[in-house]
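The values are calculated or read from the model by the stated rules, or taken from the named source; none is laboratory data. Predicted, not measured: the structure shown is a model, and the values here were computed from it. Methodologically, a virtual Cβ is constructed for each residue, glycine included, from the backbone with ideal geometry; neighbour enumeration extends over all protein chains shown. Please note that ligands, DNA and RNA were not included when accessible areas were found on the heavy atoms of the full protein model with its side chains. Shrake-Rupley method; radii C 1.70, N 1.55, O 1.52, S 1.80 Å.
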Amino acid sequence: LAEAHNDLGTLLAQDGDLPGAIARFRQALATTPEYPDALNNLGYALLLQGQEAEARTLYTKALDLQPDFPEALNNLGLIEGRAGNLPAAEPRFRAALASRPTYGDAANNLALVLVATQREAEAVTLLEAFLQRDPSFENAWITLAKIHLAAGRTPEGLRAVEQVLQRNPTHPLGLALAREYRPR
């Protein structure tokens, strides 16, 4: 039953029913208190509702049970990043990416930390290497484009935007960046 409650909670969260999802995740944990996926999912739903302290506790418990759990590592990094604690966020994102090298959100979040800490070249290298492994992760292309465009490297930025638009011609950010930066 714990898996069924967790899976139903995930579906409810995807449909935007966070209270329903939270109830299902709590039911999963009532049945199986040491269920890392349900701990992480409940933490994320609570984080979306602004309950960072409880989310942090749940992520920490999930990591106690499964130390290399990439989603929990990434989500704990998000909490640190939101709090402005980038030195604590960075190793969480690195560990998530080391645990799953194809984890796009962790790669993208790490790149954002690197840019925020004045390590733009490292962020570009990271994203380019990640996109070699998984060129389908659109957010990494957008982040790469924004880094290049902010640095005045318009041709490189537009090449990244073109990669997004080739995969998804209606991508809103890709279209907006293309309109803003393409020569007229």
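Table: residues versus (1) of a type in the set (D, E, K, R); (2) at pLDDT below 95; (3) open to solvent by 20 Å² or more (accessible area, probe 1.4 Å).
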residue: ARG24; (1), (2), (3): yes, no, yes
residue: THR32; (1), (2), (3): no, no, yes
residue: PRO36; (1), (2), (3): no, no, yes
residue: LEU42; (1), (2), (3): no, no, no
residue: ALA55; (1), (2), (3): no, no, no
residue: LYS61; (1), (2), (3): yes, no, yes
residue: ASN75; (1), (2), (3): no, no, no
residue: LEU86; (1), (2), (3): no, no, yes
residue: ARG92; (1), (2), (3): yes, no, yes
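I'd like the residue in segment 153-184 that is of a type in the set (Ser, Thr, Tyr) and in contact with a helix residue (DSSP H, G or I) (Cβ under 8 Å, 6 or more places away or on another chain) and, out of all such residues, is modelled with the highest pLDDT. Step by step, filter segment 153-184, then rank; the result is THR154. Entry remark, segment 97-126: residues being open to solvent by less than 70 Å² (accessible area, probe 1.4 Å), polar (S, T, N, Q) and not in a helix (DSSP H, G or I) number 1 in total.
Condition check: within 25 Å of ALA107 (Cβ to Cβ) and either in contact with a Gly (Cβ under 8 Å, 6 or more places away or on another chain) or not in a helix (DSSP H, G or I) (or both). Does PRO67 satisfy that? Against the criterion (within 25 Å of ALA107 (Cβ to Cβ) and either in contact with a Gly (Cβ under 8 Å, 6 or more places away or on another chain) or not in a helix (DSSP H, G or I) (or both)), PRO67 qualifies. Every residue in segment 18-47 that is free of Cβ contacts under 8 Å to residues at least 24 places away in the same chain and under 24 Å from the mean Cα position of the chain (by Cα), please. Result: PRO19, GLY20, ALA23, ARG24, PHE25, ARG26.
Can you name every residue in segment 98-144 that is hydrophobic (A, V, I, L, M, F, W, C) and over 20 Å from PRO87 (Cβ atoms)? Listed by number, the residues that qualify are VAL124, LEU127, ALA129, PHE130, LEU131, PHE137, ALA140, TRP141, ILE142, LEU144. Given the criteria within 21 Å of HIS171 (Cα to Cα), crowded, with 20+ Cβ neighbours inside 10 Å and hydrophobic (A, V, I, L, M, F, W, C), does PHE130 qualify? Yes: the conditions hold for PHE130.
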